[in-house]
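Comments concern the structure below.
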Amino acid sequence: MWMLLFLCGVNPVSKIAAEVAGYADVAKRIIDLAVFGAAQNRSHRRLADFTDTIGNRVSGSHDLEMAIKYMYNAFAQDGLDVHVEPVKIPHWVRGEESAEMIAPRAKRLAILGLGSSVGTPPEGIEAEVLVVQSFEELKHRASEAIARIVVFNQPFVSYGETVAYRAYGASEAAKVGAVATLIRSITPFSINSPHTGWQDYQEGVKRIPSACITVEDAELMWRMAQRGQRIVVRLSMGAKTLPDADSFNTVAEITGWQHPEQVVLLSGHLDSWDVGQGAMDDGGGAMISWEALSLIKDLGLRPRRTMRTVLWTAEEQGGVGAQQYYDLHKVNRSNFDLVMESDLGTFTPVALQFTGSVAAQKIMAEVVKLLAPINTTTLETHGEGTDISPWMKAGVPGASLHVADSRYFWFHHSEGDTMTVQDPHDMNLCSALWAVVAYVVADLEDMLPR
């Protein structure tokens, strides 16, 4: 189509701009319904009902099974076409856990074992502590780490950079003879709150127990170490990994009227960690991806292409459910028009992030102009998301939601991730943005150019 227009002397950019501008009225109807109309606050109510009923839902758990059944029934009651697709997922169990400093004074330490960690022996581990602030310092002090519990007190720079300590700290410490690791939580703000997450053991390296501790306790032990005080900690963890569990990706859709085989995919992940309610990570993303379909259905709209919402399972373990979905459907990747993921909170929307060809970027820049009524007309580069990354790596255009997320990592993977974090108006705005973008792209005459 684009080459044909060029050969005919028609500027494809001006043509697509005019086509997209023609959706201004329908975009306003979607926005009005989501923000001011009968659907106002609906995504927030749905999230509250879901998280209050189910609670948190870690990979492999009965709670995650119940969450999938809950959402399957909710999609069906909403009049959407719904099905589930089976996958195998990790099943790690936290068990009972505790830690206490017994020298130079007695103090209980708030901890959360890290996903995939092994447990301690039944009697626990009691050992002197070595406090370091970087992997480099650990290497320089390797001889001091033997038979010690290594405490990483790394400063928070950014999540993307600092999370390496959570992911690889145990194996790096084990290489120099440590018996366990306690990792300063990956957060810029703390009220003595430990933050969990997945960690990765390196092949061929002894597996030692690993847990996160609070910023306050990491800094406390660092100060003690600077004074030359001897620190001893007793750690007990009942963590274990069970055989992979059966689970499902949950799929709901509005079938396209002209090209049902072509798909605009919206998504969030249904699993969470086993603390808090998983309201922010990623209940909000899951709910706005449902709400987008509801808004389109309520307005009696039906796009040319299929709008498909997928609620991923086992994202927290490294996008496990999403990778299996990709492996199953990649043979049809030429029919995937756009893949979208919301997994960095549903706070006030700031922009749409997008990865795609230059030609596709120009089209998406026109699409976001339709969001002028909610003041989110910015298109940024680099769509992101663990669950959609396989598609983007294969050349499928991808989009993610950029929100005012300065508080996101305050609550991330902690007991603080509850409904109290969520704001209904913000979720209205996110739902409106999500629905407008997905519907317009799904209804344009042509797919986004690769």
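Please treat every number below as a calculation from the coordinates, not as lab data. Please read all numbers here as calculations on a predicted model, not as lab measurements. Reconstructed Cβ throughout: ideal geometry from the backbone, glycine too, with neighbour counts over all protein chains shown.
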Viscosity 0.692 mPa s, temperature 37 °C: Stokes-Einstein D of segment 84-138 from its Kirkwood Cα radius, in µm² per second? 223
Cα-projected label distance for Gln361 with Gln229, points at 7 Å along beta-carbon direction, nm: 5.4
Which longest run of the chain has no exposed loop site in it, a site being GluC sites (Glu not before Pro) in a DSSP loop with at most 16 other beta carbons within 10 Å, and the site itself not part of the run? 204-444
What is the Å³ per residue value for the convex hull set by the Cα atoms of segment 336-433? 99
Charges at C-beta only: +1 for Lys and Arg, -1 for Asp and Glu. How large is the resulting dipole of the chain about its Cα centre, in Debye rounded to 20? 660
Compute the FRET efficiency between Lys297 and Lys240 as 1/(1 + (r/R0)^6), taking r as their Cβ-Cβ distance and R0 = 45 Å, and round to the nearest 0.05. 0.55
Got a sec to turn the phi values of segment 368-379 into Karplus ³J(HN,Hα) couplings, 6.51 cos²θ - 1.76 cosθ + 1.60 with θ = phi - 60°, whole Hz, x for Gly and Pro? 5, 4, 5, 8, 3, x, 10, 6, 10, 9, 8, 10
Sequence-separation-based contact order of segment 164-254, relative, with Cα cut under 8 Å and 6+ spacing, percent: 27
Obtain the nm distance between the two label points defined at Val13 and Arg105 by a simple spin-label model: each point lies 7 Å from its Cα along the Cα-to-C-beta direction. 6.7
Across segment 19-71, how large is the tail of the calculated P(r) beyond 15 Å, expressed as a percent of all Cα pairs? 62
Rg/Rh for the chain to two decimals, with Rh computed the Kirkwood way over all alpha-carbon pairs. 1.03
Whole-Hz Karplus couplings 3J(HN,Hα) for segment 380-387, θ = phi - 60° and coefficients 6.51, -1.76, 1.60, Gly and Pro as x, run 10, 7, 6, x, 9, x, 3, 7
For the chain, give me the percentage of DSSP beta bridges that are antiparallel, rounded to the nearest 5 percent. 55
Identify which of Ile146, Ile296, Ile388 has the largest mean-square fluctuation in a Gaussian network model of the chain, with springs joining Cα atoms closer than 10 Å. Ile146
Between the DSSP loop rule and a limit of at most 16 other Cβ atoms within 10 Å, which chymotrypsin sites (Phe, Trp or Tyr not before Pro) in segment 239-288 are left? Trp257
How high is the relative contact order of the chain, in percent, counting Cα pairs under 8 Å that sit 6 or more residues apart? 22
Fraction of antiparallel bridges per DSSP, segment 64-190 only, in percent to nearest 5: 25
From the phi angles alone, apply the Karplus equation (6.51, -1.76, 1.60; θ = phi - 60°) to segment 224-236 and give each ³J(HN,Hα) in whole Hz, x where the residue is Gly or Pro. 4, 5, 5, 7, x, 6, 7, 10, 10, 10, 10, 10, 10
Apply the a/c threshold of 1.5 to the C-alpha gyration tensor of segment 279-354 and tell me whether it is rounded, prolate or oblate. oblate
Segment 229-245 residues near the modelled Val93 label - backbone nitrogen below 14 Å, point 7 Å along Cα→Cβ: 238-245
Diffusion coefficient in µm²/s returned for segment 167-324 by Stokes-Einstein, Kirkwood Rh over C-alpha pairs, 10 °C and 1.306 mPa s, is 83
Full extension between Glu161 and Lys369 adds, at 0.36 nm per residue less the Cα distance, a length in nm of 71.6 nm
Using a cut-off of 13 Å between beta-carbons, work out the net charge of the residues near Leu138 (Lys and Arg +1, Asp and Glu -1, Leu138 not included). 0
FRET efficiency (Glu144, Phe189; Cβ distance; R0 45 Å; to 0.05) is 0.90
Value at 222 nm in deg cm²/dmol, rounded to 500, when DSSP H runs of n ≥ 4 in the chain each add -39,500 (n - 2.57): -10500 deg cm²/dmol
What number, in nm² with one decimal, is the all-direction average of the projected area of the convex hull of the alpha-carbon atoms of segment 27-118? 10.7
Put a dot 7 Å past each Cα toward the Cβ at Ala404 and Phe135; how far apart are the dots in nm? 3.6
